[in-house]
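The values are calculated or read from the model by the stated rules, or taken from the named source; none is laboratory data. Remember, it's a predicted structure, so these values are computed and weren't measured experimentally. Here the Cβ positions follow ideal geometry from the backbone for every residue, glycine too, while neighbour counts run over all protein chains shown.
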Ligand code: 13P
């Protein structure tokens, strides 16, 4: 099964509109890199301009979160219907959402279904904390996170899973390629148990956590790593271009 790899940039809560525009300009030509799907995930206030900037190209735009209701009295939230006007993908369950905004596995199961109903391709983020890793609970945590988020329904269309160990995010301390491969293999085996081997084989699984231009090739050499979800380095156009080229070259 050949899986087109993904270079996804999560800009998190960074940058003004002017900076987002400058970053898009710096990424000129990224849509012409063959053999990789590019996804950019700016914050809500930047989505409209980033969506317009890449309109008519193959670059995908992702929300970093969304509510599950189509509309209503939910002050401060963004609905999937609103998001789908300026994005075609959505990140679901980033560890920062789990950690700082109390999103749990059940809530994320609902968000995965919401994404599907609104035509948004979901990137489901999973990963263990430092303490869970120390206690050798990585496999259990990943099994729980993936199983509950998927529930008993078929996989949402185009499902992507990102393995992002919490201890590797923004720390400069990336997982080793072996650790990433072992976690991604485990995730694929959980997907296989739930969805069947054929479906699991087609799901793209990304690694995220301190990905940089100089370590991406080693991750991409792993058979179950199908790309990267990049934080800090995605804010630097040259670095993200280099990462995207390396991902494309891995195929
Ligand atoms: P860093 O690449 O900054 O470690 O962030 C990873 C991440 O959280 C992407 O979603």
Query raised in the report: What is the number of the single condition among (1) closer than 16 Å to residue 164 by Cβ; (2) surrounded by fewer than 16 Cβ atoms within 10 Å (Cβ to Cβ) that residue 104 does not meet?
Result: (1)
Report task. State whether one or more residues within the range 87-99 are modelled with pLDDT under 95, under 29 Å from residue 165 (Cβ atoms) and part of a helix (DSSP H, G or I). Result -> yes
**Report entry** the range 194-216, subset away from the ligand (no atom under 16 Å from the Cβ) and in contact with a helix residue (DSSP H, G or I) (Cβ under 8 Å, 6 or more places away or on another chain), residue nearest to residue 92 (Cα to Cα)
**Finding:** 203
Requested in this report: Mind counting the residues in the range 205-221 that are in contact (Cβ under 8 Å) with a residue 40 or more places away in the chain and crowded, with 19+ Cβ neighbours inside 10 Å?
Outcome: 9
Report task. Just name the residue that is nearest to the ligand (Cβ to nearest atom) out of those in the range 167-186 that are more than 15 Å from residue 228 (Cα to Cα) and touching a helix residue (DSSP H, G or I) at 6+ places or on another chain (Cβ under 6 Å). Result -> 167
Requested in this report: Might you let me know whether the range 173-193 holds any residue that is in contact (Cβ under 8 Å) with a residue 12 or more places away in the chain and on the phi > 0 side of the Ramachandran plot?
Outcome: no
Query raised in the report: So which of 15, 48 is more than 23 Å from residue 161 (Cβ to Cβ), part of a loop (DSSP other than H, G, I, E, B) and more than 19 Å from the chain's Cα centre (by Cα)?
Result: 15
Query raised in the report: Is there a residue being over 19 Å from residue 8 (Cβ atoms), touching a residue at least 12 places away in the same chain (Cβ under 8 Å) and either within 16 Å of the ligand (Cβ to nearest atom) or surrounded by fewer than 19 Cβ atoms within 10 Å (Cβ to Cβ) (or both) anywhere in the range 36-48?
Result: yes
Requested in this report: Run residue 62 past the list (1) away from the ligand (no atom under 16 Å from the Cβ); (2) under 13 Å from residue 87 (Cβ atoms) and report the number of the one that doesn't hold.
Outcome: (1)
